[in-house]
Structures are given as structure tokens and as C-alpha cells.
Amino acid sequence: MTINDQPVLPKNPRPIMIIGAGGIVKDAHLPAYRKAGFEVAGITNRTRARAEAVAKTFGIPHVYDTVAELVAAAPKDAVFDVTVMPPQFVDVLEALPDGAPVLIQKPMGDDFAQTRAILEVCRRKGLVAAINCQLRFAPFVIAARDLIQRGVLGEIYDMEVRVTVLTPWHLFPNVMHHPRLEIQQHSVHYVDLIRSFLGDPAGIWARTCGHPANDLSSTRTTMAFDYGDKLRATITVNHDHRFGPKHQESFIKWEGTKGAVKAQFGLLKNYPVGEEDCFEYCLLEEGKEPEWVHVPINGTWFPDAFIGSMSAVMCYIEGSSDVLPTHVEDVAKTMACVEAAYISSASGATPIPSIE
């Protein structure tokens, strides 16, 4: 069976102007754009030396001291790639030309108040704005979506994300001590992914908690989505599995009335080295025992998914696509789900009734 695992690329790619030169730019954005053949015309960062180092490594022709200078020098058809920290989003968006196309790094704010502020400025300025929820565009996710949209798996009744790893949080000093670490900064990927497949849930049950061996706000989460009586969706994440690689897990699984898909993504195992991905599907055939089929997938989450998130913006701008999947209007609903998860976690469980 032929399965599509690649994003749709723009017919006429636009020059990219990058605002921010942090690790995600160096490790994911720029390797992805180089692989796709996208032009990066300029970059700025609060620390110019960092921007200059990144520009030298990736052959970016222009480095600017400020966002204002970058905007003034930007080609008229440029796409702005905003990769600063969430509290800086609004100020940067205010500095962009009205109506400009922009890809904003996830999450869409450090809390729901910031989400609303980002949405307000995007609406007021008429920005063609998307959030870089790039997991939607990982090759193994594109492949699963292809099978589901073709009806190969039948009616989806179960979707599960399970991550059991040891995450080296010290590699992420900007978010390590965030008061909303796990869901807001990490599992937001999975919340957004589930919404992209199943739509908006009626509600969420969640509990997120820390670990006795550290002072991080939260490193483990269990979450369940309310999609009614027939459809189950869950997220189970444990960043504190300190017992070696043998029982580490990192997968997304879709089950349907005709078949199932399991995509193991190796990026989070033994991070940052990672392991290989594995994509398998199983189709139910009358009179035959279920059999899982392995399918080689071209590319992985980092950096390949970042090609898809930028391509989606460019395709929408040029009119070759009438849908911008991660538009701020859509991802704001993801952040509303994140907020619901925190409210649920803080509200506590249903008390156990007395047997007396």
C-alpha cells in the first residue's frame, strides 16, 4: 500500500525573515528550511552575536540589530518566523506590518491570558498568523492522517499518546522552571494533535504533578478527553522514567473499526540522541489473523515537521490551499483545552462516596 508521508510544498516559496536565534532555530527551523530549499533572507536576535553565529552557519545574508530594522528591510513578500519566548510575542507582532504572514513558535502563550492577547493583536492587525504546532506535520503523523482520511482504518474510536522517558530538562533552561512546565510547554503538542484528528472535545479530565526528586512544577501528566460514549482519547506522559531504556515508550496509536496505526517516535528516547521512528499499521480482514505491517517513513519530527508548518503558511498565502491548519484561531482552541486541563488538575478528583 502506498502511503503519503510528505507535506504539500508551496509552488512559489517566499523569503523567510527570522526573529530569534535560539536553539530551536539552529536545531530545527534552519535545517528544515535548508532541506526544503527555502530562502532565509535575514535574522535578528536580542543578542546580535548569537544571530551572527547562526547566520554564518546557515549562510543567512543579513543580520539586523532590532525587529524594527528587520521589518524595514524585509522583502514585500516575506514570511516572518517568530521564535522568541511567548511573553515577547505581542510586542513582536505589533512591530510587523498589518496583514503580514507570520509563523509563531509554540506554545501560543505561557497562559490563557497571553493566548487571548496574541489572538487580539493578530485579529486587529489582520495578520495571516499560524502557530508552529509542527507535530501535525511530522512524517509519521501525515502518514496516519493519509490512511484515516482515505477511510482505511474505518471509524476512529480510540487515540492514545503515551510517553515514558527521562527528559534532560537542564537542556531547556528557558522553560525548566516554568510554573506550567509539562502541559503548557510539552503536552500541548499532543493536545493539539488530538484536536487536529478528533475535533474539539466537550471537556477534559487531567492531573499533572511533579516528582519528589526535583523542584520542577510538573513532569508527569494523565489526561482524558470527553468525546462521548464511543470515542476515547488519552495522553499519558512521564518524563521521570529513570530506569534505563528498556521500558521507555514514545508512541501515538489510532484504532478504528477497520484497522489501527501505531507510530513510535524516537526523538524523545535517549534525548537528544534519540532513536529511530517506527510506523506500523494493521488492517482487519475477515478470516485472517491480525498482522502488523511495518512501513518505512521518510523523515522524522525534527527537523522535517518544520518544513510542513512553514509550507502550510506559504501555501495558504499563495492560494494553493484554502486551509491554514494551525491558524491562531484554531490553535487558540488548543490552548483553551490546555487551560481546561490545568483547571481540572487544580480542582481535584471526584470524592469517593462513603460505604456507610
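Every read-out reported here was derived from the displayed coordinates using simple, explicitly stated rules and does not represent laboratory data. What you see is a predicted model; the values in this text were computed from it and never measured. Glycine gets a Cβ as well: all are built from the backbone with ideal geometry, and neighbour counts include every protein chain shown.
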_Below 9 angstrom from the Cβ of residue 318, what's the summed charge of the other residues (Lys, Arg +1; Asp, Glu -1)?_
+2
*asked:* Treating only the Cβ of Lys, Arg, Asp and Glu as charged (+1, +1, -1, -1), what charge dipole size does the range 136-301 show about its Cα centre? Round to the nearest 20 debye.
replied: 380
*How high is the FRET efficiency between residue 56 and residue 318 when r is their beta carbon distance and R₀ equals 45 Å, given to the nearest 0.05?*
0.90
_With the cut-off at 23 Å, tell me which of the pairs 11/333; 26/246; 35/56; 26/253 have Cα atoms farther apart than that._
11/333; 26/246; 26/253
_Among 340-351, 21-32, how do they line up by average Cβ neighbours within 10 Å per residue, starting with the highest?_
21-32, 340-351
*Excluding residues fewer than 8 places away in the same chain, name every one of the lysines whose C-alpha is closer than 18 Å to that of residue 125.*
76
*Provide the descending list of Cα extents for the range 306-356 along its principal axes, expressed in whole angstroms.*
67, 19, 14
*Just need log10 I(q)/I(0) for the range 158-282 at q = 0.09, 0.11, 0.13 Å⁻¹, Debye formula, equal scatterers on the alpha-carbon atoms, no solvent, rounded to two decimals.*
-0.27, -0.40, -0.55
*Per the Kirkwood definition applied to all pairs of different Cα atoms, how many angstroms is the hydrodynamic radius of the range 9-62?*
11.2
*Going by C-beta contacts inside 10 Å, put 252, 19 in order with the fewest on the left.*
252, 19
*Within the range 136-301, percent of DSSP bridges classed antiparallel, to nearest 5*: 85
*So how tilted is helix 328-347 from the main axis of the chain? Cα-based, degrees 0 to 90, rounded to 10.*
50
*Rank 138, 206, 74 by mean-square fluctuation in a GNM of the chain with C-alpha springs under 10 angstrom and give only the top-ranked residue.*
74
*asked:* Cut-off under 13 Å on the C-alpha distance; same-chain residues fewer than 8 positions from residue 269 excluded. Which aspartates and glutamates are left, in chain and number order?
replied: 240, 249, 277
*Can you give the % of DSSP beta bridges in the chain that are antiparallel, to the nearest 5?*
60
*Excluding residue 100 itself, calculate the net charge of residues whose Cβ lies under 12 Å from the Cβ of residue 100, where each Lys or Arg counts +1 and each Asp or Glu counts -1.*
-1
_Starting from 0.36 nm per residue, how many nanometres of slack lie between residue 171 and residue 72 once their C-alpha separation is accounted for?_
32.2 nm
*Any chance you could tell me what percent of the C-alpha pair distances in the chain go past 27 Å?*
48
